[in-house]
Amino acid sequence: MDLYHALNRRVEGGLLFLDSSDYVRFVHNMYEFNDSAPAIQSDRRTQNVGFRKPNIKKKLVDIHGWCLMRNHYHLLLSEKVDGGLTLFLRKLNVGYANYFNERYERSGTLFQGRTKKILIENDAHYNYILHYIHLNPLDYLKGSEKWRVRSKNEITSAKKAESYLKDYRWSSYLDYTGTPNFPSILSTTLFSNTSEQYTKEIGRYLRSAETNELETTKFTLE
């Protein structure tokens, strides 16, 4: 099984998500479009976007992790059918772009070219990729913006960082740490740690950055 880190952002650095309704729409689309059958788009004016009952005929991909940022997204995917990865990303991008353009009365391209797909090729990459995706919201936490540089105490408070991640709804972090958020779109079997184990692992990871216990490392997957 090949595992891919997929990411894309809005053109010209603009915001991809302007409010909670936009985030919910994208999450809904991750569920709705992960199907070889044609998707049913809900009306953009619907306040609470519901998920259909589990009637998926054939999933295109497994979603092992995800995070939505203000102007881009990160997905951790593996393919379930031939061509499923490309088809899923195309449906996801086109569907969200259609919704966004209609809602905000704009036209033209929304995303910055084709979605970048990075193959996870070795154990070192595999071991930190889920952490990397889940830690992205720390970009918005004062004192933790340089979390990618694992030196010089770049996270000023591991406790504040953990609290911030628990309050950030738009990622799979909560589902992995024992708080059901959007479990219907996620497959957690690949990363088989229990929620308690994963919570402790993230805590150790953040505390090591706070106290500079690790050797200097820089994440470069942006």
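Could you identify the single residue in Leu68, Leu110 that is in contact with a helix residue (DSSP H, G or I) (Cβ under 6 Å, 6 or more places away or on another chain) and closer than 19 Å to Phe182 by Cβ? Can you show your working first?
On the way: Leu110 fails: closer than 19 Å to Phe182 by Cβ.
Of Leu68, Leu110, the one residue that is in contact with a helix residue (DSSP H, G or I) (Cβ under 6 Å, 6 or more places away or on another chain) and closer than 19 Å to Phe182 by Cβ is Leu68.
Can you tell me how many residues within the stretch 71-107 are of a type in the set (D, E, K, R) and surrounded by fewer than 17 Cβ atoms within 10 Å (Cβ to Cβ)?
At the first step, the residues of the stretch 71-107 found to be of a type in the set (D, E, K, R) are 79-80, 82, 90-91, 102-103, 105-106.
This time we only want the ones that are surrounded by fewer than 17 Cβ atoms within 10 Å (Cβ to Cβ), so: 82, 90, 102-103, 105-106.
Number satisfying all stated conditions: 6.
Out of Tyr164, Tyr198, which single residue is within 21 Å of Phe17 (Cα to Cα) and of a type outside the set (Asp, Glu)? Full working, then the answer.
Values: Tyr198 fails: within 21 Å of Phe17 (Cα to Cα).
Of Tyr164, Tyr198, the one residue that is within 21 Å of Phe17 (Cα to Cα) and of a type outside the set (Asp, Glu) is Tyr164.
Values quoted throughout were computed directly from the atomic coordinates according to the rules given, and no laboratory measurement underlies them. These numbers were taken from a predicted model, which means no experiment stands behind them. Every residue, glycine as well, gets a Cβ built from its backbone with ideal geometry; the counts of neighbours run over all protein chains shown.
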